[in-house]
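Only the coordinates and a few stated rules stand behind these numbers; no lab work does. Given the structure is predicted, the values throughout are model-derived calculations rather than measurements. So basically every Cβ, Gly included, is an ideal-geometry build from the backbone, and we count neighbours across all protein chains shown.
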Amino acid sequence: MSTRINANPNSRSRTLLLFGLVAALFIGTGFVQSWNSSLGILNMALISAIMAMGVNLQWGYAGLFNVGIMGFVALGGLAVVLTSSTPLPDAWRAGGPGIVAGLALGAATIGVAVALYKRLPKGRLRTVVMLAVLVGGFFAYRAVFDPAVAAVEANNPAAHGNIGGLGLPVLLAWPMGGLLAAAAAWAIGKTALGLRSDYLAIATLGIAEIIIAVMKNEDWLARGVKNLIGLPRPVPYEVDLQKDADFLARAADWGVDPVTTSSIVVKLSYAGLFAAVLVAIVVLSELALKSPWGRMMRAIRDNEVSAEAMGKDVTRRHLQIFILGSAIVGIAGAMMTTLDGQLTPGTYNPLRFTFLVWVMVIVGGSGNNLGAVLGGFLIWWLWVMVEPIGLLLMDGITAGMADGSWLKAHLQDAAAHMRLLTMGIVLLLVLRFSPRGLIPEK
Amino acid sequence: MDILNALVAFANFVFVPGLAYGAQIALGALGATLIYGILRFSNFAHGDTMALGTTFAILVTWGFQALGITFGFLPTALLALPFAIIMTAAFVLGTDRVVYRFYRRQKAAPTILVIVSLGVMFIMNGLNRFIIGVGEINFADGARFVITAGDFRAMTGLTEGLAIKATQAITVVTAVIVVGLLFWFLQKTRTGKSMRAFSDNEDLALLSGINPDRVVQVTWIIAAGLATIAGVLYGLDKSFKAFTYFQLLLPIFAAAVVGGLGNPLGAIAGGFIVAFSEVMVTYAWKKVLTYLVPESMAPDGLVQLMSTDYKFAVSFTILIIVLLFLPTGIFKGKSA
């Protein structure tokens, strides 16, 4: 027995039509530009769709306003480095145990302080004891942690200087990315989830900046802004394919250029992997949404007070869905770093990694998984294609102007900045004229 | 033991920079808190409003400089400020007319307004890049120092110097004047009183015949003015880079929340609390301590609690502590 009103055929055909339109965009890009670039956009679109699913889980199902998405994406990337990069036994011997001990000491300090806060009676004594524990713990942590970090960073700083990874297969790093993001989300949710919505937004905005700051500055972790390249890949390298006799014979059979084909094959393999993850997450999310759990989440979202009166533990459910959503974002972050083959903390920008994902969810239709996926594909395509389209447009506008005039040069330079403007306009238009998104919640 | 030199070092590296930074944050937070009080949402586009206002000021400054108009030993940007404020206010009023008014009439939930402000943020950010680009721009001219470290040393004979940049002095003086004017306006004028009434209790204010559209318009104008002034002062003191302004959102919100959202006095106090904590936690205290303790106990390390890159962590920690223990801020702000 289903308690949900069955989707009417009208909305189903609308969904199909919209997805067909997006497919046409990608196929069109393939014909007009090249299949290589179309597939390149598709791969990031798949990852973006997964990120949008994570945000949709938090915002669409539960109404949690998390604008710290960038932080969880970055944590997923960090997980790839820690799981799959080459182990560095020297670095680990030099400072590994010290770093672990230092971090444990730091966590223990906070744990003891929290426990004291809960146990001791309210009053001056509690404040003094807590402060003493925190200050003492901080100095103890620095005393253990700092020399260990110095030792690790002194280990061949030109090439390494980081703690190294576990050397495990990179596909394993994706769930690890989810786990790392989930762990961070637990800590964040424990402190910040009680806040009301716009405070939560400001708090998560700050957390994301802190995560990026840590990844930029803690060189022992993943070499900071010196970046870390050469991460393993789950698919073959193009150059290896081009040397492979089997592959060359087949390319000759089909009468295609082996160099272009190798790159397309690699991109298609990535697309297959990413699509599998996306489908799995969509199916699980849909099942969750249709289960009693999903109905409870939406009941909480729509009226917290009455849900609480029905005996639902709102805080716990919020924490749960915050962790789940962040884990999905973390998985997507790990996939993105795998696709890039490198971790570059300097490139994480909240406009691109937090607010753009929000645009995807709002435009696609919050509360609807297919909507979030559609938003991910559509907005990512737009984000990439706005630049060439803008350039074409500017060429048209400036065609009548004299070559070398500063206005012409300025306008053509400015075409590169059309992206943000377009995204803002798209977001505002959808919010105004179709506030529930392109594929509204059923 | 050399208390005098320690004090001067403290003033030079902590107090003076903290005071100027605090004034800039406080002005930014005042704008954000006014919008929260009257329009009842956290405006995520506030950092970009600051950036856009500064962009206008830079353009006018360049125009003045091209015409050969300067402001003597003061930066030309101060002369450009009124024009920039008018342009920013006109832009913001346009945004309100085209975007926000629709949702206000619908009585949309605050979260929806926050998401709408994200859209406005994208547009402002894009426009700003469109107009002036993403590079770093220095537009300060005029005198560079009120007093240089060398002059101070020569004057006092101390080993430590105290340098006060002209932009720091200008920041503090401007902030005092602006805050004075704002409070006079809010306390004494009819419009200011109606704004406070509207902020305290919308329904009662409407019942007593206050025109809500007018209150909202005045609020936007004041917020645009404050944002432009804060942005220009910050840009004069450091330099202008659009992305840095976006990131100022965090300390600004932290200041507004610490002081109690919707409370102007709180926003000022919050601005200084956030700024001084940031400077003090990220300052390497070695120099000051070396003067204070006997030579044998002089510290080896930098005695820096956190590296400067973690300054966001400071605003954030203050924010979380205040929200957990004093949910409505130090001065009573709005809750729920």
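Straight Cα distances below 29 angstrom link residue B:287 to the lysines A:216, B:165, B:238, B:311, with same-chain residues fewer than 8 positions distant left out.
What FRET efficiency comes out for residue B:286 versus residue B:154 if R0 is 22 angstrom and r is the Cβ-Cβ distance? Round to the nearest 0.05. Present the calculation step by step, with values, prior to reporting the outcome.
Working: r = 25 Å, r/R0 = 1.14.
For residue B:286 and residue B:154, the calculated efficiency is 0.30.
Projected label points at residue B:293 and residue A:103, each 7 Å from Cα along the beta carbon direction, are separated by 3.0 nanometres.
Considering helices alone, the calculated mean residue ellipticity of the protein assembly as shown at 222 nm is -24000 deg cm²/dmol, with DSSP H runs of length four and up weighted by -39500 (n - 2.57) and normalised per residue. Sorted fewest first by neighbouring Cβ atoms within 10 angstrom, A:124, B:196 come out as A:124, B:196.
Which of A:302, A:198, A:219, B:151 comes first, and how do the rest follow, when ranked by fewest Cβ neighbours within 10 Å? Intermediate results must be reported in sequence, preceding the final value.
Details: A:302 10, A:198 23, A:219 19, B:151 14.
Lowest to highest Cβ neighbour count: A:302, B:151, A:219, A:198.
Which of rounded, prolate, oblate describes chain A, given a ≥ b ≥ c as roots of the alpha-carbon gyration tensor eigenvalues and a/c under 1.5 marking rounded, otherwise prolate only if a/b is larger than b/c? In terms of gyration-tensor shape, oblate. When only Cα pairs below 8 angstrom with a gap of at least 6 residues are kept, chain A shows a relative contact order of 30 percent.
Once you place label points 7 Å from the Cα toward the Cβ at residue A:286 and residue A:352, how far apart are they in nm? About 3.3 nm separates the two model spin labels.
Can you classify the range A:38-180 as rounded, prolate or oblate using the Cα gyration tensor, where a ≥ b ≥ c are the square roots of its eigenvalues, rounded means a/c under 1.5, and otherwise it's prolate if a/b beats b/c and oblate if not?
On the way: a/c = 3.28, a/b = 1.23, b/c = 2.66.
The shape class here is oblate.
When A:118, B:193 are arranged by Cβ crowding within 10 Å, least crowded first, meaning fewest neighbours, the order is A:118, B:193. For the options A:337, A:261, A:109, a Gaussian network treatment of chain A with springs between C-alpha atoms closer than 10 Å singles out A:109 as fluctuating the most.
Within 10 Å of the Cβ of each residue in B:309-316, the mean number of Cβ atoms contributed by other protein chains is 5.
Dividing the alpha-carbon radius of gyration of the range B:20-247 by 2.2 N^0.38 Å (N being the number of residues), what value is obtained?
Relative to the 2.2 N^0.38 Å estimate, the range B:20-247 comes out at 1.12.
Were the residues from residue A:183 through residue A:248 laid out at 0.36 nm apart, the gain over their Cα-Cα distance would be 18.8 nm.
Take peptide A:406-417, look around each residue's Cβ out to 10 angstrom, count Cβ atoms belonging to other protein chains, and average those counts. The partial results should precede the final answer.
Details: counts 0, 0, 0, 0, 3, 1, 0, 3, 7, 1, 4, 9.
Across the residues of A:406-417, the mean count of other-chain Cβ atoms within 10 Å is 2.
Counted as membrane-span-like here are DSSP H helices of chain B whose alpha-carbon atoms extend 30 Å or more along the helix's own axis and whose Kyte-Doolittle mean is -0.5 or above; these are B:16-39, B:46-67, B:110-132, B:166-188, B:212-237. When all alpha carbon pairs of the range B:182-307 are counted in 5 Å bins from zero, the resulting P(r) reads 2, 9, 12, 16, 15, 12, 10, 8, 6, 4, 3, 2, 1, 0, 0 %. Taking 7 Å steps out from each Cα toward its Cβ at residue B:324 and residue A:340 produces label points 3.1 nm apart.
Cross-link partners of residue B:286 among aspartates and glutamates, defined as those whose alpha carbon lies under 18 angstrom from its own and excluding same-chain residues fewer than eight positions apart: A:146, B:2, B:160, B:278, B:295, B:300. So what's the gap between the Cα centers of the range A:81-133 and the range A:11-42, to the nearest angstrom? The range A:81-133 and the range A:11-42 have Cα centres separated by 49 Å. Just report the Cα centroid separation between the range A:141-215 and the range B:1-19, whole Å. The distance from the Cα centre of the range A:141-215 to that of the range B:1-19 comes to 35 Å.
Taking max minus min of the alpha-carbon positions on each principal axis, the protein assembly as shown gives extents of 87, 70, 69 Å, largest first.
With helices defined as uninterrupted DSSP H runs, which ones in chain A have an alpha carbon span along their own long axis of at least 20 Å and mean Kyte-Doolittle hydropathy of at least 1.6?
Details: long enough: A:9-32 (33 Å, 1.07); A:35-56 (30 Å, 1.16); A:69-84 (23 Å, 2.13); A:89-119 (43 Å, 0.73); A:124-153 (42 Å, 1.23); A:170-192 (32 Å, 1.35); A:197-217 (30 Å, 1.23); A:258-290 (47 Å, 1.63); A:314-340 (39 Å, 0.98); A:369-398 (42 Å, 1.45); A:418-433 (22 Å, 2.01).
Qualifying helices: A:69-84, A:258-290, A:418-433.
Ignoring lysines fewer than eight residues from residue A:118 along the same chain, the ones with Cα atoms less than 28 angstrom from its Cα are A:190, A:312, B:332, B:334.
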